[in-house]
Amino acid sequence: MSERKSDIGVIGLGVMGANLARNLASRGHRVAGYDRDPDSARRLVGEHPDAGLEATASYEELVAALERPRRVLVMVPAGAPVDAVLDALDRLLAEDDVVVDGGNSLFADTDRRNARAGTRPWHFVGMGVSGGAEGALTGPSLMPGGAPSAWERLRPLLESIAAVSDAGPCVTWCGHGSAGHFVKTVHNGIEYGDMQLIAETAVLLRRGLGLDPPAVADTFAAWNEGELESFLVGITAEIFRVSDPKQGDALLLDAILDSAGQKGTGRWTVQAALELAVAVPTIAAAVDARVLSADVALRRRAEGAFGGARGERLAGLSAGDLRDALYAARIAAYAQGFALLAAASDAHGYETDLAEIARIWRAGCVIRARLLDRIREALVEEPASLVLAPALRGDLAERVPAWRRVVAGAAVAGFPAPGLASALAWFDTVSTARGSAALIQAQRDYFGSHSYERLDDPGAPVHTDWKAAT
């Protein structure tokens, strides 16, 4: 063992854990690593002998290798493996040690683990990590929650390894308790929505406007130079340029089964929104679209029975219309996500700074986008709703006509566009002072005597005998 103690320990040296360990070491921190497969730790150190990494063979050896108070980053699969690590560490930790779960854990599990740590001398932190394997190595977006004192202990390490935008390191304290993992859950929900919106737009460009793959790639690449600039738009342009190695000039995308996978974080976002009574229809539509995509056999049978998308061109529409619709729908998806963050912060006492969340998502993470600069400004101006903020209100108003044309054109031509359509329906609902809810209240009172409120006497419940009144 080295005489010098390590600054941090990393448990779980798979791709993400190993890359975060290497990132930490590259910033001058000494890192002790442990994995239940001893060869993983030895291999990591052997491949990077001068990186400041140290392999340990047990939890006891790892804890002994760390400076006190200790800092431990756990990078194991969510669920039971995290609890198993905490069980192993519990008896070894001391006053003010900090254990960080950097996996994609359900925030409710983080609440439970925080409660456990509340009876111990050590602290627990749930931290979202976004950026994938490359981001873990070169600079991720980091979303820690928990006790502010634990954040201050972690801050120098985390700020040193995080991605950096013009606004600073992409890490901040996200709030008390499970705030870090809740923020990451919503990040992933917005990611679901954004991916769905981009995918629908790509289909409309290709099949609706008749663009060939190189032209679709050029279109996304051009959009990525302007207001739609983002990681996901950029990689979409690249995807449309990759040929199938088995088919020569054919597009690799066309050889991929049309069934999208998911790991559950989008579903968690929708479940949390339902519990908090926040409408996130674009995120929900994206989750539903993935669920529907999985039943390939049914979809093939239904297309045979009903014809599916007719393959008609989008009459009277241009690539510019699709660009404007995508931009407006993205604002709607982000607005839904930030509304959920605000509601969760109020309900759970997180004290989350929404503008800071927009700032740390500007680089490193999967949903990094130029739009987040505008969103951050908007959250400062009008935290109640992004669509009302001066920074975005004009952008939306200018693009709504094209948005309507695209959704209507897709429906007429038979192209499914649940993301674009749900985002527009959400926008129309929140921007309509009197919609259909009055009739729903009358119906509820008619069959269930649930009562209603009158416009001229709000707050006073009223019941009508509707049968007698007719």
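The values are calculated or read from the model by the stated rules, or taken from the named source; none is laboratory data. Note that the structure is predicted; figures quoted are calculated from it, not measured. Here Cβ is always computed from backbone atoms with ideal geometry, including for glycine, and neighbour counts include all displayed protein chains. Quick note on the areas: whole protein, heavy atoms, side chains included, nothing else; ligands and nucleic acids left out. Shrake-Rupley method; radii C 1.70, N 1.55, O 1.52, S 1.80 Å.
Quick one: which residues, 5+ away or cross-chain, put their amide H under 5 Å from the amide H of residue 54? H built at 1.01 Å from N.
31, 32, 33
Compute, for residue 29, the solvent-accessible surface of its heavy atoms (probe 1.4 Å) with the complete set of protein chains present, and express it in square angstrom to the nearest 10.
Result for residue 29: roughly 30 Å² accessible.
Want the number for residue 166 to residue 115: 0.36 nm per residue separation, take away the alpha-carbon distance, what's left?
Full extension of this stretch gives 14.7 nm more.
For segment 42-186, take the convex hull of the Cα atoms, compute a quarter of its surface area, and give me that in nm², please.
So the Cα hull casts an average projection of 8.9 nm².
Segment 282-424: D in µm²/s via Stokes-Einstein (Kirkwood Rh, Cα pairs, 10 °C, 1.306 mPa s)?
Estimated via Stokes-Einstein, D reaches 93 µm²/s.
Among the aspartates and glutamates, select those whose C-alpha is under 13 Å from the C-alpha of residue 184, and discard any that sit fewer than 8 residues away in the same chain.
101
Over all Cα pairs of the chain, how is the pair count split among 20 Å bins, expressed in % and running from 0 up to the last occupied bin?
All Cα pairs considered, the percentages come to 22, 48, 26, 4, 0.
Quick check: the distance between the Cα centres of segment 175-232 and segment 67-136, to the nearest angstrom?
31
Keeping every protein chain present and rolling a 1.4 Å probe, give me the accessible area per residue for segment 350-454 in Å².
The answer is 49 Å² per residue.
Given a 1.4 Å probe, how much area per residue of segment 236-289 is accessible, in Å²?
About 60 Å² of surface per residue is accessible.
How large is ³J(HN,Hα) for each residue in segment 272-278, as worked out from phi by the Karplus curve 6.51 cos²θ - 1.76 cosθ + 1.60 (θ = phi - 60°), to whole Hz, x for Gly and Pro?
My calculation for segment 272-278 gives 5, 5, 4, 5, 9, 6, 10 Hz in order.
How far, in degrees from 0 to 90, does helix 38-47 lean away from the longest principal axis of the Cα atoms of the chain, to the nearest 10?
Tilt relative to the chain: about 90 degrees.
Rounded to the nearest 10 Å², what accessible area does residue 449 show when all protein chains are kept and the probe is 1.4 Å?
Rounded to the nearest 10, the figure is 80 Å².
Where does the Debye-calculated log10 I(q)/I(0) of segment 156-269 sit at q = 0.21 Å⁻¹, using only Cα point scatterers of equal weight, no solvent?
-1.20
Would you kindly derive the ³J(HN,Hα) couplings of segment 147-159 from the backbone phi angles with the Karplus curve 6.51 cos²θ - 1.76 cosθ + 1.60 (θ = phi - 60°), listing them in order in whole Hz, with x for Gly and Pro?
Karplus values, whole Hz, x for Gly and Pro: 5, x, 5, 5, 4, 5, 5, 8, 3, x, 5, 5, 5.
Put +1 on the Cβ of each Lys and Arg and -1 on the Cβ of each Asp and Glu in segment 191-299; which of 292, 232, 197 then has its Cα farthest toward the positive end of the dipole?
Farthest towards the positive end: 292.
About its Cα centre, how strong a charge dipole does the chain have in debye, to the nearest 20, once Lys and Arg get +1 and Asp and Glu get -1 at the Cβ?
That gives the chain a dipole magnitude of about 600 debye.
Search the structure for amide H atoms under 5 Å from the amide H of residue 244, placed 1.01 Å from N in the peptide plane, and list their residues when 5 or more places away or on another chain.
Answer set, sorted by chain and number: 250, 251, 252.
For segment 429-440, in order, what is each residue's ³J(HN,Hα) by Karplus, 6.51 cos²θ - 1.76 cosθ + 1.60 with θ = phi - 60°, in whole Hz (x at glycine and Pro)?
Along segment 429-440, the couplings run 5, 6, 9, 10, 5, 10, x, 10, 5, 4, 5, 4 Hz.
Cross-link partners among aspartates and glutamates for residue 263, C-alpha distance below 13 Å, same-chain residues fewer than 8 apart left out?
Within the straight-line limit of under 13 Å, residue 263 reaches these aspartates and glutamates: 191.
Under a 5 Å amide H to amide H cut-off, with H placed in plane at 1.01 Å, what residues pair with residue 74 once short-range neighbours are removed?
For residue 74, the qualifying residues are 11, 100, 101, 102.
Determine Rg/Rh for segment 3-47; Rg is computed over alpha-carbon atoms and Rh is the Kirkwood hydrodynamic estimate from the same atoms.
Using only Cα positions, Rg/Rh for segment 3-47 is 0.93.
Once you place label points 7 Å from the Cα toward the Cβ at residue 39 and residue 58, how far apart are they in nm?
With each label point 7 Å from Cα toward Cβ, the separation is 2.2 nm.
Give me the angle, in degrees from 0 to 90, between the Cα long axis of helix 15-26 and the longest principal axis of the Cα atoms of the chain, rounded to the nearest 10.
So the helix axis and the longest Cα principal axis differ by about 60 degrees.
Ignoring any ligand, DNA or RNA, what whole percent of the accessible area of the chain comes from carbon and sulfur when the probe is 1.4 angstrom?
54
Tell me which aspartates and glutamates have Cα within less than 12 Å of residue 467's Cα, excluding those fewer than 8 residues away on the same chain?
445
Rounded, prolate or oblate, given the Cα gyration tensor of segment 1-97, with a/c below 1.5 counting as rounded?
oblate
Return one whole number: the accessible area per residue of segment 23-100 in Å², for a 1.4 Å probe.
Solvent-accessible surface per residue comes out at 45 Å².
Relative to the Cα centre, what is the charge dipole magnitude of segment 223-373, using +1 at the beta carbon of each Lys and Arg, -1 at the beta carbon of each Asp and Glu, and rounding to the nearest 20 debye?
Dipole size: approximately 420 debye.
Can you give the helix-only mean residue ellipticity at 222 nm for the chain, where every DSSP H stretch with n ≥ 4 adds -39500 (n - 2.57) and the sum goes over all residues, rounded to the nearest 500 deg cm²/dmol?
It comes out at -17000 deg cm²/dmol, rounded to the nearest 500.
Angle, helix 80-90 long axis vs. longest principal axis of the chain, Cα atoms, 0 to 90°, nearest 10?
The helix 80-90 is inclined about 30 degrees to the chain.
Between residue 50 and residue 384, 0.36 nm times their residue separation minus their Cα-Cα distance comes to what?
115.2 nm is the gain from fully extending residue 50 to residue 384.
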